[in-house]
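See structure below.
The values are calculated or read from the model by the stated rules, or taken from the named source; none is laboratory data. Model, not experiment: these values are computed from the prediction. So basically every Cβ, Gly included, is an ideal-geometry build from the backbone, and we count neighbours across all protein chains shown.
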Amino acid sequence: MSEVVEGLAVESPAVVGVLAASPSELPIMRQAGLILEKLGIAHEVRIMSSSRNPDEVDLYARTAFDRGLKVIVCSTGMSGHLAAAVAARTVLPVIGVPISSAPQMVGNEALAITAQMPTGVPVATVGVDASLNAAILAAQIVGVADPEVQARLWKFKDHLGEGLKL
């Protein structure tokens, strides 16, 4: 069973899904939620494992579009299974966040695994532990068809010179 951790309480349903493969990856993935909140983008944050609950991940991915999601951000640890499992079962863009899980795996290994998904199962890949960038990319994807999100992104980008403030 997945755990719904948090989401932005707004009148519209979530448009971005943020998935952590385990509770240990949640602190990094919660940062994505902070940026999405700052940008006023409805989202959901969940913990689900493609290894322990493959049917649940399958259901989540296959129903994501019908539930109104536009993009899904997934943590990708040692195996990259979560992002790959989701990308294989949805038509939505999937963004992978390689997670360093030392001493088991250093970040560069997670990055290589995330970037090397099988043909036909693309996963956009950001830097190691870079859930903030993944959330910004997700917002930009949503913003392609939403002028209000575009306006908030422009304001956000115009203030980056002052430093990133959550």
Given (1) at pLDDT 95 or above; (2) within 14 Å of G17 (Cα to Cα); (3) outside any strand (DSSP E or B), index of the condition A83 fails: (1)
Segment 148-166 - residue that is assigned to a helix (DSSP H, G or I) and small (G, A, S) and, of those, surrounded by the most Cβ atoms within 10 Å (Cβ to Cβ): A151
Selection status of L153, of a type in the set (A, V, I, L, M, F, W, C) and without any contact (Cβ under 8 Å) to a residue 60 or more places away in the chain: no
Among residues of segment 119-147, those that are surrounded by fewer than 18 Cβ atoms within 10 Å (Cβ to Cβ), part of a helix (DSSP H, G or I) and without any contact (Cβ under 8 Å) to a residue 12 or more places away in the chain, counted: 2
Top-ranked residue of segment 54-89 - restricted to ones that are of a type in the set (V, I, T) and under 23 Å from D146 (Cβ atoms), ranked as nearest to the chain's Cα centre (by Cα): V73
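Those residues that are among the charged types (D, E, K, R) and over 29 Å from L153 (Cα atoms), I need them from segment 38-75; list them, please.
Within segment 38-75, R52, D55, E56, D58 qualify.
Restricting to segment 29-56, and then to whatever is hydrophobic (A, V, I, L, M, F, W, C) and in contact with a His (Cβ under 9 Å, 6 or more places away or on another chain), can you tell me which residue is surrounded by the fewest Cβ atoms within 10 Å (Cβ to Cβ)?
That would be L36.
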Scope segment 62-95; condition touching a helix residue (DSSP H, G or I) at 6+ places or on another chain (Cβ under 7 Å), over 13 Å from A110 (Cα atoms) and not polar (S, T, N, Q); matching residues: K70, V71, I72, V73, A85, V86, R89, P93, V94, I95
Tabulated pairs, segment 46-67, first touching a residue at least 40 places away in the same chain (Cβ under 8 Å), second acidic (D, E), C-beta under 7 angstrom, 6+ apart or interchain: R46/E3; I47/E3; M48/E56
Residue selected from segment 94-118 under the condition closer than 23 Å to N53 by Cβ and not in a strand (DSSP E or B), by the criterion modelled with the highest pLDDT: I99
